[in-house]
Amino acid sequence: MTQALLSLRGVTKRYGSIHANSGVDLDVLPGAIHAILGENGAGKSTLMKLIYGVEAPDEGELFWQGEAREIESPAIARRLGIGMVFQHFSLFETLTVVENVSLLVPGAKKDLTERIRKLGREFGLEVDPLSHVYALSVGERQRVEIIRCLMVDPKLLILDEPTSVLPPQAVDLLFETLRKLSARGVSILFISHKLEEIRSICTHATILRGGKVTGTVTPKNFDAQALAAMMIGRDMPQLLSDTPDKRGEDRQHLSALSLASEDPFGVSLQDISLRVSAGEILGVAGVSGNGQSELAAVISGETPLPKRLQSKLTMLGREAGALNPAARRALGFAFVPEDRLGQGAVPELSLVKNAILTGHRRGMVRNGVIRHPRAEAFAQDCIATNDVRTPGPRAEAGSLSGGNLQKFIIGRELMLEPKLIFLNQPTWGVDIGAATAIRKRLIELRNAGCAILVISEDLEELFALTDAMQVLSEGRLSPRFTTSETVPEDIGRAMIGASGGAVL
């Protein structure tokens with residue numbers, strides 16, 4: 001029998017009264033691509049941190065190549081041959097890509113730069129080694145993390161949601177890379193909420209529920225629905241099939257907006273036109289780094305438009321180009337940003353205080369004084385309605401798993417009953433059950449007459465959710481596609497700059 005590269009026996013990790021992991025047994029064979037499946041909060045990321053030395057187990061043993069080991073730090077893990085790409089990135093924003101890589105990978109800057117470019121070309125992970133990280137999109141930052149791991153030639157590679165912000169073409173190339181690594185004997189621990197990806201790439205899958213192992217299966221022997229049922233332990237919520245009778249009035253309109261990026265590494269917007277109506281979900285697709293961040297900043301109000309361009313943007317019947325984010329929210333606008341731990345929430349503050357940040361107009365503040373019972377009731381209602389797994393409303397936002405924090409942020413914005421809502425990567429890192437529930441709520445909101453704009457790099461999500469789509473490529477927005485009359489190949493051609501689509 002082949003000896004496992006990594007074995008866990010009875011591993012337990014507690015945070016106060018919460019058992020993040022409880023008596024976990026796991027065997028990872030050489031060359032295996034081994035999925036860890038579970039809902040948000042099931043203990044997947046905690047388990048990976050224990051393996052990588054970020055956290056120490058309270059009980060249990062870890063065996064590496066048959067020998068009992070205590071992995072007390074990531075540095076020790078890397079010396080053993082364990083690399084990890086975190087769901088929330090561990091990059092220094094003020095450093096360049098190559099400078100970030102050099103913190104873990106020895107070598108001269110010139111040599112590292114060339115290696116980064118070579119790996120990028122080889123594996124479809126292109127990124128400019130001389131760009132500053134702060135200027136990169138989330139998808140580009142993900143590429144840096146993966147490249148940095150590959151450069152240390154690991155025996156075990158841990159990937160926490162590696163494809164969540166990659167376009168389909170890059171996912172295919174990444175999977176080719178993983179198969180090559182597997183063929184060389186490299187083991188891969190793979191966390192993903194995309195069950196078809198797991199069926200496609202993974203040789204084994206261990207299922208966690210409530211921090212405990214409930215089974216290990218061969219993914220290709222089960223369909224996605226069966227895997228989802230094993231993972232969440234209940235029936236999947238069903239998306240609504242009904243559609244509104246007709247679109248209502250325009251709630252947001254961008255008219256032929258061209259705006260040069262102030263960042264030398266940014267993407268300038270060119271002749272951007274889009275219209276979102278009441279009772280409609282409009283999706284914006286595209287490969288990461290094609291202007292999504294710049295477009296999001298214009299719509300949210302983070303980038304105010306110069307006076308000559310202010311008439312190009314209207315929201316809820318008002319010229320909005322000069323309005324700051326708070327003034328836009330006062331009109332009935334809500335916003336879910338791409339970066340949940342930077343823009344969407346303050347990690348060090350409680351969920352109650354994070355609720356106040358955008359919901360203070362809902363009776364939580366009177367005459368400048370916070371009404372704590374109102375705020376706590378709002379946060380508790382958000383937790384209950386959106387199945388947020390947390391000890392309570394006073395828990396720090398940063399203590400939640402990524403998916404549970406996302407559910408809280410989206411729930412908070414939906415509870416404001418907006419007339420227009422903009423969501424940037426709404427279900428990134430959210431498990432399939434929660435993602436389906438979020439999409440169901442957005443469809444219900446649309447059917448109630450809300451106008452919804454979604455930027456997403458998940459084509460499957462856009463096809464399941466939207467009424468119409470446009471594609472962002474090199475700062476330009478395509479004509480509209482009617483989702484029900486469109487196939488993924490049409491969107492794929494537009495993503496690489498080919499023409500197509502009809503204006504509605």
Determine which member of the set 276, 287 is hydrophobic (A, V, I, L, M, F, W, C), outside any loop (DSSP other than H, G, I, E, B) and assigned by TED's automatic domain parsing to the domain that holds residue 478.
276
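Given the structure, is residue 97 touching a residue at least 12 places away in the same chain (Cβ under 8 Å), touching a Pro at 6+ places or on another chain (Cβ under 9 Å) and not assigned by TED's automatic domain parsing to the domain that holds residue 428?
The answer is yes for residue 97.
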Condition first: over 13 Å from residue 441 (Cβ atoms) and either among the polar types (S, T, N, Q) or free of Cβ contacts under 8 Å to residues at least 60 places away in the same chain (or both). Now tell me which residues in segment 378-392 satisfy that.
378, 379, 380, 381, 383, 384, 388, 390, 392
Mind counting the residues in segment 365-390 that are within 27 Å of the chain's Cα centre (by Cα) and over 16 Å from residue 412 (Cα atoms)?
0
Quick one: how many residues across segment 280-295 are over 22 Å from residue 128 (Cα atoms) and at pLDDT 95 or above?
5
Every residue from segment 1-40 that is in contact with a Leu (Cβ under 7 Å, 6 or more places away or on another chain), surrounded by fewer than 21 Cβ atoms within 10 Å (Cβ to Cβ), farther than 18 Å from residue 214 by Cβ and not hydroxyl-bearing (Ser, Thr, Tyr):
4, 29, 30
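Being under 17 Å from the mean Cα position of the chain (by Cα) and either among the aliphatic types (A, V, I, L, M) or at pLDDT 95 or above (or both): is that true of residue 502 here? Explain how you work it out, then say what you get.
Numbers: under 17 Å from the mean Cα position of the chain (by Cα): no; either among the aliphatic types (A, V, I, L, M) or at pLDDT 95 or above (or both): yes.
Considered against the rule, which asks whether it is under 17 Å from the mean Cα position of the chain (by Cα) and either among the aliphatic types (A, V, I, L, M) or at pLDDT 95 or above (or both), residue 502 comes out as no.
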Lone unmet requirement of (1) part of a loop (DSSP other than H, G, I, E, B); (2) surrounded by fewer than 24 Cβ atoms within 10 Å (Cβ to Cβ) for residue 388:
(2)
Can you tell me which residue is surrounded by the most Cβ atoms within 10 Å (Cβ to Cβ) among those in segment 331-376 that are in contact with a Phe, Trp or Tyr (Cβ under 7 Å, 6 or more places away or on another chain) and assigned to a loop (DSSP other than H, G, I, E, B)?
364
Determine whether segment 111-128 contains at least one residue that is within 17 Å of the chain's Cα centre (by Cα) and surrounded by 17 or more Cβ atoms within 10 Å (Cβ to Cβ).
no
Within the group 177, 214, which residue is at negative phi, surrounded by fewer than 20 Cβ atoms within 10 Å (Cβ to Cβ), among the polar types (S, T, N, Q) and assigned to a helix (DSSP H, G or I)?
177
When you look at residue 268, is it under 19 Å from residue 136 (Cβ atoms), assigned by TED's automatic domain parsing to the domain that holds residue 488 and small (Gly, Ala, Ser), yes or no?
yes
Could you pull out the residue among 351, 316, 309 that is farther than 25 Å from residue 403 by Cβ, in contact (Cβ under 8 Å) with a residue 24 or more places away in the chain, hydrophobic (A, V, I, L, M, F, W, C) and touching a helix residue (DSSP H, G or I) at 6+ places or on another chain (Cβ under 6 Å)?
316
Residues located in segment 441-480, provided they are buried (at least 20 other Cβ atoms within 10 Å of the Cβ) and on the phi > 0 side of the Ramachandran plot
475
Any residue at all in segment 159-172 that's at pLDDT 85 or above, within 28 Å of residue 129 (Cβ to Cβ) and in a loop (DSSP other than H, G, I, E, B)?
no
Quick one: is residue 91 modelled with pLDDT under 95 and surrounded by 17 or more Cβ atoms within 10 Å (Cβ to Cβ)?
yes
Determine whether residue 446 is over 15 Å from residue 345 (Cα atoms), in contact with a strand residue (DSSP E or B) (Cβ under 7 Å, 6 or more places away or on another chain) and not polar (S, T, N, Q).
yes
Condition test on residue 86, is it modelled with pLDDT of 95 or more, more than 14 Å from residue 151 (Cβ to Cβ) and of a type outside the set (Lys, Arg)?
no
Filter segment 351-365 for residues that are of a type in the set (D, E, K, R) and at pLDDT 90 or above and give the result.
353
Which numbered condition trips up residue 54, out of (1) among the β-branched types (Val, Ile, Thr); (2) free of Cβ contacts under 8 Å to residues at least 60 places away in the same chain; (3) closer than 12 Å to residue 211 by Cα?
(3)
Do we have any residue at all in segment 424-439 that's part of a helix (DSSP H, G or I), on the phi < 0 side of the Ramachandran plot, touching a strand residue (DSSP E or B) at 6+ places or on another chain (Cβ under 7 Å) and modelled with pLDDT of 90 or more?
no
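The values are calculated or read from the model by the stated rules, or taken from the named source; none is laboratory data. Treat the numbers as computed from the prediction; the structure is a model and nothing was measured. As a convention, Cβ positions derive from the backbone with ideal geometry for all residues, glycine included, and neighbour counts pool all protein chains shown.
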